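The values are calculated or read from the model by the stated rules, or taken from the named source; none is laboratory data. Here the structure is a predicted model, which means the values were calculated and not measured. Glycine gets a Cβ as well: all are built from the backbone with ideal geometry, and neighbour counts include every protein chain shown.
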């Protein structure tokens with residue numbers, strides 16, 4: 001059994017391309033800016049988006065003179081699933097003993113490592129593109145009536161991980177946030193239907209629905225530089241602030257406050 005002193009925040013979804021790694025990086029930097037010690041684990045180490053993001057940040061400021069860094073670990077998948085699981089448990093035990101917060105990015109698929117990572121969440125964050133295609137993983141929706149028929153495969157997986165926690169003697173419940181991510185100003189009817197369905201589903205399977213991050217080019221640019229919205233405006237960052245950046249940063253701060261993870265200015 002892993003003795004955990006830190007809060008574990010898990011980013012999870014069974015679909016790729018929802019912005020998990022981008023949200024993970026922004027959350028861990030928000031925690032660093034609060035003065036907390038932060039560990040991070042990339043369980044999606046085949047794609048390794050969070051790992052590359054962290055590496056880009058360290059290349060920009062290796063000594064941490066201007067940018068704060070997490071203690072980062074990656075678990076590259078191997079042919080031995082038990083070996084991978086043990087590597088994750090070892091990293092989590094080490095980081096949990098020394099850090100205030102550990103952020104875990106999981107694969108965008110139903111993978112044993114993803115299930116294991118989910119089972120250690122104190123806070124689960126599920127970014128979701130604002131589309132019925134992505135919603136299908138959370139709930140089966142009748143195409144004629146637009147009513148929820150049953151929970152989807154990802155919701156069932158989350159339920160299974162709660163049972164795994166209970167079998168370890170840990171509380172089965174945890175905070176679960178579903179983020180309507182990559183929102184756009186287009187297709188207002190689709191957005192209204194998504195909001196209605198997610199609101200109904202949240203009451204049924206127990207998550208809080210929040211607006212996530214809007215679709216913006218700046219996130220792709222920041223990834224290459226190892227920066228987040230919270231870093232902009234600092235000295236020597238080489239990124240000029242625009243009104244769009246200010247609006248994006250306010251969206252992020254609103255999200256962090258809604259999750260109870262307040263970042264410093």
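Counting the residues of segment 162-207 that are farther than 14 Å from residue 129 by Cβ, free of Cβ contacts under 8 Å to residues at least 40 places away in the same chain and not in a helix (DSSP H, G or I) gives 6. Looking at 21, 40, just one residue is modelled with pLDDT of 95 or more and not in a loop (DSSP other than H, G, I, E, B), and that residue is 40. The residue list 134, 94 contains one member that is part of a helix (DSSP H, G or I) and surrounded by 20 or more Cβ atoms within 10 Å (Cβ to Cβ), which is 134.
Within segment 58-67, work out how many residues are in contact with a helix residue (DSSP H, G or I) (Cβ under 9 Å, 6 or more places away or on another chain) and either part of a loop (DSSP other than H, G, I, E, B) or within 25 Å of residue 84 (Cβ to Cβ) (or both).
Just the residues of segment 58-67 that are in contact with a helix residue (DSSP H, G or I) (Cβ under 9 Å, 6 or more places away or on another chain), to begin with: 60, 64, 66-67.
Going one step further and asking which of them are either part of a loop (DSSP other than H, G, I, E, B) or within 25 Å of residue 84 (Cβ to Cβ) (or both), we end up with 64, 66-67.
Summing the residues that are in contact with a helix residue (DSSP H, G or I) (Cβ under 9 Å, 6 or more places away or on another chain) and either part of a loop (DSSP other than H, G, I, E, B) or within 25 Å of residue 84 (Cβ to Cβ) (or both) in segment 58-67 gives 3.
Can you tell me which residues in segment 212-265 are buried (at least 17 other Cβ atoms within 10 Å of the Cβ), in contact with a strand residue (DSSP E or B) (Cβ under 9 Å, 6 or more places away or on another chain), at pLDDT 85 or above and farther than 17 Å from residue 181 by Cα? Correct list: empty. Scanning segment 45-102 for residues being touching a strand residue (DSSP E or B) at 6+ places or on another chain (Cβ under 6 Å) and without any contact (Cβ under 8 Å) to a residue 24 or more places away in the chain gives a total of 1. Pairs linking a residue in segment 138-161 that is surrounded by fewer than 12 Cβ atoms within 10 Å (Cβ to Cβ) to a residue that is in a loop (DSSP other than H, G, I, E, B), with Cβ atoms under 8 Å and 6 or more positions apart or on different chains, are 149/142.
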